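The values are calculated or read from the model by the stated rules, or taken from the named source; none is laboratory data. Everything numeric in this text was worked out from a predicted model, so none of it was measured. Positions of Cβ are backbone-derived with ideal geometry, glycine not excepted, and every protein chain shown enters the neighbour counts.
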Amino acid sequence: MLDFGGGAGVHYKTAQRQLPDIRWAVVETPAMVRRAKKLSTDSLRFFEQIGEAADWLGDVDLVHSNGAIQYVPDPVETIRSLCAIAPRKLVWHRVPISDGEARREVQTSYLSDNGPGQVSSPTEKLVRYKRTWIPEQAFIEAHEGYRMVERSPDPGEHGTHQFRFVPS
């Protein structure tokens, strides 16, 4: 399992309860990888690069991403890179899709709203992220060699979609 944007592995913890022998590679930002590496085990590892994660896993059964692809500088190219490792399935959650051109915006939220755990500072901090609304056609076409088998509005975040792709 390759978890793109999987933070400190919270989805791994859930999956491992059902599949104790699962191997899980999280691809994250350099800062998150530095912090999360202390959580690494024989079955959970953290990587900055897609290729490094795929090499560690060997065959990739599943690429999973939940609300992350829109924060990379080039979402479409990143999707192509994930497809190039030839996973057996790609599952996307909370993907903002636009009807036309890519639309970029700055998302603002409180630090405490970004992930599990407690904020160590008593003062709340605002964080800002550049987010891309990905053109629908570009998103689908980036999955070369795959076909979409599921698409629906994502209940986890207003205006986003969830998708599932399998090899053509």
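Note on the stretch 24-110: enclosed helices (runs of 4 or more DSSP H) holding 1 or more residues that are crowded, with 21+ Cβ neighbours inside 10 Å are 50-57, 75-84. For the stretch 1-23, the set of residues classified as without any contact (Cβ under 8 Å) to a residue 60 or more places away in the chain, out of contact with any Leu (no Cβ under 8 Å at 6 or more places or on another chain) and assigned to a loop (DSSP other than H, G, I, E, B) consists of 19, 20, 21, 22, listed by residue number.
Just wondering, is there one or more residues in the stretch 119-130 that are aromatic (Phe, Trp, Tyr), touching an Asp or Glu at 6+ places or on another chain (Cβ under 6 Å) and closer than 28 Å to residue 14 by Cβ?
No, because not a single residue in the stretch 119-130 is aromatic (Phe, Trp, Tyr), touching an Asp or Glu at 6+ places or on another chain (Cβ under 6 Å) and closer than 28 Å to residue 14 by Cβ.
Among residues belonging to the stretch 128-151 that are in contact with a strand residue (DSSP E or B) (Cβ under 6 Å, 6 or more places away or on another chain), without any contact (Cβ under 8 Å) to a residue 60 or more places away in the chain and more than 20 Å from residue 103 (Cβ to Cβ), point out the one that is surrounded by the fewest Cβ atoms within 10 Å (Cβ to Cβ). Ranking the candidates gives 149 first.
Residues are listed down the side, and each one gets a yes or a no for (1) under 26 Å from residue 103 (Cβ atoms); (2) among the aliphatic types (A, V, I, L, M):
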| residue | (1), (2) |
| --- | --- |
| 1 | no, yes |
| 8 | no, yes |
| 31 | no, yes |
| 39 | no, yes |
| 45 | no, no |
| 60 | no, yes |
| 65 | yes, no |
| 76 | yes, yes |
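Could you check, for the stretch 142-157, whether at least one of its residues is assigned to a strand (DSSP E or B), among the hydrophobic types (A, V, I, L, M, F, W, C) and modelled with pLDDT of 95 or more?
Within the stretch 142-157, one or more residues are assigned to a strand (DSSP E or B), among the hydrophobic types (A, V, I, L, M, F, W, C) and modelled with pLDDT of 95 or more.
Give the residues of the stretch 88-120 that are at pLDDT below 85 and in contact with a strand residue (DSSP E or B) (Cβ under 7 Å, 6 or more places away or on another chain), sorted by residue number. The answer is 107, 109, 110, 111, 114. For residue 123, the conditions (1) exposed (fewer than 14 other Cβ atoms within 10 Å of the Cβ); (2) at pLDDT 95 or above all hold with the exception of (2).
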